Amino acid sequence: MKEIHFFDHDQTIYGHLISPVDPKAWVVFAHGSGSSRKSRRNNFVASELAKRGFGCLLFDLLTEDEDKSYENRFDIDLLTHRLLLATAWLRNSEFYHSVPIAFFGASTGSACALFAASKIQDSIPLYALISRGGRPDLAGEENLKKLNIPVLLIVGSQDEKVMEINEKACESLNNAQLVPIPGAHHLFEEPGALEKVTGIVGDWLVEHLPHT
């Protein structure tokens with residue numbers, strides 16, 4: 001793991017990289033509200049993806065002071081801005097190697113991942129997006145309709161409200177697949193649930209890698 005940081009005007013944003021030496025693609029993570037680059041679930045997913053040859057960037061969408069404000073956690077414009085900055089930092093770093101990029105968003109992080117993707121899908125090699133227990137409704141239906149990249153929506157089968165939200169989002173997206181995880185709730189804390197998520201994500205990212 002390598003610690004990194006970048007700047008947003010006078011704010012320092014911290015993150016870390018989990019990556020093999022020569023990644024086949026990069027996955028940029030956007031965590032859910034109240035979480036951070038230290039998210040246990042996202043770091044588990046990232047560690048497993050690294051074993052399959054993917055580089056992973058996890059970073060704080062908000063500073064510690066910003067996170068004290070509940071409103072900031074749902075400021076999709078601010079969160080999207082930070083995700084775009086993190087992606088730009090990665091592409092200009094020595095670690096990038098000009099490979100494809102995917103976004104992985106959890107909960108509210110899914111909303112900013114979808115919004116960010118709608119802005120930059122035609123200008124960078126963004127090839128896929130994964131949402132885990134996401135809130136795609138917060139990205140805005142008009143932005144969902146703009147997306148052309150493949151989108152994987154993963155939801156716990158017992159997370160009924162979020163399942164309804166994702167079913168509706170799937171109708172707005174041009175290229176989406178909704179995968180329920182049987183018996184799982186919102187945080188995928190049930191035995192084996194997160195492992196199942198990680199396996200599905202890894203297979204899906206490999207399947208959709210652009211042919212070179």
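Answer yes if at least one residue in region 160-174 is of a type in the set (Val, Ile, Thr), surrounded by 14 or more Cβ atoms within 10 Å (Cβ to Cβ) and out of contact with any helix residue (DSSP H, G or I) (no Cβ under 9 Å at 6 or more places or on another chain), and no otherwise.
Let us first name the residues in region 160-174 that are of a type in the set (Val, Ile, Thr), namely 162, 165.
Remaining after also requiring surrounded by 14 or more Cβ atoms within 10 Å (Cβ to Cβ): 162, 165.
Filter once more, so that each one left must be out of contact with any helix residue (DSSP H, G or I) (no Cβ under 9 Å at 6 or more places or on another chain): 162.
Yes; the residues of region 160-174 include at least one that is of a type in the set (Val, Ile, Thr), surrounded by 14 or more Cβ atoms within 10 Å (Cβ to Cβ) and out of contact with any helix residue (DSSP H, G or I) (no Cβ under 9 Å at 6 or more places or on another chain).
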**Prompt:** Only one residue in Ser36, Ser93, Ser47, Ser98 is within 13 Å of the chain's Cα centre (by Cα) and among the hydroxyl-bearing types (Ser, Thr, Tyr), so which one is that?
**Reply:** Ser36
**Scope region 47-65; condition touching a strand residue (DSSP E or B) at 6+ places or on another chain (Cβ under 8 Å) and either part of a helix (DSSP H, G or I) or surrounded by 24 or more Cβ atoms within 10 Å (Cβ to Cβ) (or both); matching residues** = Ser47, Leu49, Ala50, Phe54, Gly55, Cys56, Leu57, Leu58, Phe59, Leu61
**Asked** Taking region 60-72 as the region of interest, how many residues are within 19 Å of Arg135 (Cα to Cα) and either modelled with pLDDT of 90 or more or small (Gly, Ala, Ser) (or both)?
**Response** 3
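Any chance you could count how many residues in region 129-154 are farther than 12 Å from Ala117 by Cβ and either under 14 Å from the mean Cα position of the chain (by Cα) or loosely packed, with under 15 Cβ neighbours inside 10 Å (or both)? Lay out the reasoning, then the answer.
Kept after step one, since they are farther than 12 Å from Ala117 by Cβ, are these residues of region 129-154: 132-135, 137-138, 140-142, 145, 152-154.
If we keep only those that are either under 14 Å from the mean Cα position of the chain (by Cα) or loosely packed, with under 15 Cβ neighbours inside 10 Å (or both) too, we end up with 132-135, 141-142, 145, 152-154.
Of the residues in that region, 10 qualify.
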**Request:** Take Gly183 and decide whether it is buried (at least 17 other Cβ atoms within 10 Å of the Cβ), in a loop (DSSP other than H, G, I, E, B) and either at pLDDT below 95 or over 17 Å from the mean Cα position of the chain (by Cα) (or both).
**Result:** no
**Prompt:** Quick one: in region 110-128, which of the residues that are more than 15 Å from Asn175 (Cβ to Cβ) and of a type in the set (Ser, Thr, Tyr) is farthest from the chain's Cα centre (by Cα)?
**Reply:** Ser123
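The values are calculated or read from the model by the stated rules, or taken from the named source; none is laboratory data. Source: prediction; values computed, not measured. Positions of Cβ are backbone-derived with ideal geometry, glycine not excepted, and every protein chain shown enters the neighbour counts.
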